[in-house]
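Worksheet: the structure to be examined is printed underneath.
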Amino acid sequence: MATLSVKPGQRFTLPDWHTNSNLISADAERQRSASHQVRQEAQALRNETNNQTKWDERDNCTRLAERISSVNRWKETLDKCLADIDAEIDALAKVKEAAERSLQAKNLPLDVSIECLTLRESRRAIDVVRDPVEEELHKEVKVIDKAKRELQQRVNEAFEQLCLLQEARQQLSCDHRRKMEALEIDRVCLSLSVNSPNISFKVNPTRVPDGSTALDEWEQTSQCNKEHAEAEMKASTELREATVLAIAQTNNELEAQRVATEFALRKRIRDLERAYDELKWQEQNTLEEIAEMEEEIRRLEEDLRRKTQDVKVAHTRLETRTYRPSVELCRDQVQYGLTDEVHQLEGTIRALKQKLAESQDALDALYRQLHRIRTDSGHKANSLVLDNKCMDSRRKLVVPAEEFVPEVDAFHRTVNRALSPLKDGQLEWA
C-alpha cells in the first residue's frame with residue numbers, strides 16, 4: 001500500500017487565514033481612503049492654483065494695459081512738446097536770419113559813410129574843416145556801429161538759444177524714443193500667451209536689472225524734460241520779441257541819422273564851389289611804379305608756382321621710392337639728395353612768399369601814396385566834387401542797386417569820375 005508524501009512548509013490554522021484576509025481588506029480600505037484624500041487635496045490645489053494663476057495673469061495684463069496707457073499719455077505729451085519746440089526753433093531761426101539780414105544790410109550804410117568820410121579826407125588847405133557834414137557822418141558811423149553791435153549781440157543770443165532749444169529737443173526726442181521702445185516692448189508682453197511660439201525659460205528672470213529706476217524717478221524725468229523745454233521756449237519767445245524790437249529800433253535810428261546827414265551834406269554842397277588841379281608827373285610816376293611792381297609780383301607768383309611744381313616732383317620721387325622691395329629700400333645718395341632738394345625748395349618757397357608779401361605791401365603802399373598824391377593835388381573846388389560824389393554814393397541807400405546810375409557832375413558837365421580801385425589797407429591813411 002502506497003504512502004502519502006509529506007509537503008514541506010508551515011501549516012496555518014483557519015483563524016490565521018481569516019485574520020490575514022481581514023488585514024488585507026483593512027489595508028486596502030485604508031490605502032483607498034488615503035488615496036482619495038490625496039486626490040481631493042490635489043484637485044483642490046489644482047483649482048486654487050489655476051484660479052490664482054489666471055487672476056495673477058489677468059492682474060498683470062491689466063497692469064500692462066494701464067502702464068501702456070500711462071506711457072502712451074506721456075508719449076502724446078512729448079509729441080505735442082516736440083511739435084511746439086520745433087515750431088519755436090523754426091520761428092527763432094527765422095528771426096535770427098532776419099537779424100542777420102538786417103546786420104548785413106548795415107554794411108552798405110557803413111561802407112557808404114566810411115566812403116564819404118574817406119572822400120572828404122581828400123579836401124585840402126582851408127577846406128579841411130570839421131563841418132556839420134563830417135560831424136553827422138561820424139555820428140552816422142557811431143549809430144551804425146552801435147546798431148551792428150546790438151544786432152550782433154541779438155544774433156549771438158539767438159544762436160545760443162537755438163543751441164539750448166536743440167539740446168532740450170534732443171532730450172525730449174531721446175525720452176520720446178525710449179517711450180516708443182517701452183510701448184513696443186510692453187505691447188509685445190501684453191500679447192504673449194501660453195500658445196505663443198517664442199516663450200521659454202530664462203536665467204534668473206526675477207533679478208533687478210542694472211540701471212533700474214523707481215516709478216517716481218521715471219515720471220520726474222519726463223516732467224523735468226517737459227518743463228525744461230517749456231522754459232527754453234518761453235525764453236526763446238522773449239528773445240524773439242526783443243530781437244524784432246531791436247531790428248525795428250536800429251532801422252529807425254539809422255534812417256533818422258541818414259536824413260540828418262544828407263540834409264547837412266546838401267547844405268554843405270550849396271556852400272562849396274571850387275576846382276581842383278592834380279600833379280600829373282607824380283601820379284604818372286607812381287602809376288608806372290605800380291605797373292612795374294604788379295609785373296614783379298606776377299613774376300614772383302609765376303616763379304612760386306614753378307617751385308611748387310618742383311616740390312611736387314621731389315615729393316613724388318621720395319614717395320615712389322618708398323615702394324622699393326625688401327633690402328632695396330635703403331637710404332642711398334638719391335634719398336639724401338631728394339631730401340636735401342625738398343628742404344632747399346621749401347626754403348626757396350618761404351623766401352619767395354616772404355618777398356611776395358613784401359612786394360604786396362609795397363604795392364599797397366604805392367596805392368596809398370597814389371591816393372595821397374591825388375588828394376594833395378586837389379584844390380578847394382575838389383571839396384564840391386567830393387561832396388557831390390558823397391551825395392551820389394549815398395543814393396545807394398535809397399535807390400535799388402540795379403537802378404543805381406551815377407549822377408552827372410554839374411561842375412564839370414561829365415559823369416562823376418571814379419577814383420582808381422583801392423587796395424586793402426588804402427583807407428588807413430598816414
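Tabulated data for the structure shown
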| item | result |
| --- | --- |
| Violating pairs (Cα-Cα greater than 29 angstrom) within the set 148/389; 179/202; 94/139; 75/96; 94/148 | 94/139; 75/96 |
| Residue with peak Gaussian network fluctuation, the chain [Cα springs, cutoff 10 Å], from 352, 14, 300 | 14 |
| Inter-label distance for residue 146 and residue 195, nm, one decimal - labels placed 7 Å from Cα along Cα-to-Cβ | 8.2 |
| Residue among 174, 330, 81 with the largest mean-square fluctuation in a Gaussian network model of the chain, springs linking Cα atoms under 10 Å | 330 |
| Degrees separating the helix 215-270 axis from the principal Cα axis of the chain, which is the longest one | 10 |
| Probe 1.4 Å, accessible area per residue of the range 85-145, Å² | 47 |
| Estimated FRET transfer efficiency when R0 is 22 angstrom, pair residue 316-residue 336 (beta carbons, to 0.05) | 0.80 |
| Value of relative contact order over the chain, rounded to a whole percent, pairs C-alpha under 8 Å and six or more apart | 25 |
| Carbon plus sulfur fraction of accessible area for the range 35-116, probe 1.4 Å, in percent | 50 |
| Selection from 82, 114, 102 lying farthest towards where the dipole of the range 70-121 points positive, charges on Cβ | 82 |
| Theoretical gain in end-to-end length, residue 55 to residue 301 [0.36 nm per residue, Cα-Cα removed] | 79.6 nm |
| Nearest-0.05 FRET efficiency for residue 287 and residue 263, computed from C-beta distance (R0 41 Å) | 0.60 |
| Radius of gyration, Dmax [the chain; alpha carbons; angstrom] | 48.7, 187 |
| Reach of residue 307 by Cα under 15 Å, taken over aspartates and glutamates that are not fewer than 8 positions away in the same chain | 340, 341, 346 |
| Part-to-part distance (alpha-carbon centres) for the range 95-120 and the range 218-254, which is given in Å | 27 |
| Potential lengthening between residue 224 and residue 153 on full extension [0.36 nm per residue; Cα-Cα distance subtracted] | 22.6 nm |
| Set of aspartates and glutamates near residue 355 by C-alpha distance (under 12 Å), chain-local residues within fewer than 8 positions excluded | 296, 301, 303 |
| Computed lengthening from residue 188 to residue 104, 0.36 nm per intervening residue step minus Cα-Cα distance | 24.6 nm |
| Cleavage-rule hits (trypsin sites (Lys or Arg not before Pro)) in the range 189-276: DSSP loop, at most 12 neighbouring Cβ within 10 angstrom | 202, 207 |
| DSSP-assigned coil residues among trypsin sites (Lys or Arg not before Pro) in the range 309-372, each with at most 14 further Cβ atoms within 10 Å | 331 |
| Trypsin sites (Lys or Arg not before Pro) within the range 129-162: DSSP coil, no more than 16 neighbouring Cβ in 10 Å | 130 |
| Tilt relative to the chain, helix 107-120 - C-alpha long axis, 0 to 90 degrees, to 10 | 20 |
| Whole-Hz ³J(HN,Hα) from phi, Karplus 6.51 cos²θ - 1.76 cosθ + 1.60, for the range 182-196, glycine and proline x | 5, 4, 4, 5, 5, 5, 5, 4, 5, 7, 6, 8, 5, 9, 5 |
| Exposed chymotrypsin sites (Phe, Trp or Tyr not before Pro) absent - longest run of the chain, DSSP non-H/G/I/E/B, at most 15 other C-beta within 10 Å | 13-200 |
| Cysteines not pairable in the chain (beta carbon separation under 4.7 Å absent) | 61, 81, 163, 174, 189, 224, 330 |
| Choice from 332, 131, 111 with maximal GNM fluctuation in the chain (Cα, 10 Å cutoff) | 332 |
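The values are calculated or read from the model by the stated rules, or taken from the named source; none is laboratory data. Computed from a predicted model, the values in this text were never measured in an experiment. Note that each Cβ is placed from the backbone with ideal geometry, even for glycine, and that neighbours are counted across all protein chains shown. Each accessible area value is taken on the protein alone, full model and side chains, heavy atoms only, with ligands, DNA and RNA left out. Shrake-Rupley method; radii C 1.70, N 1.55, O 1.52, S 1.80 Å.
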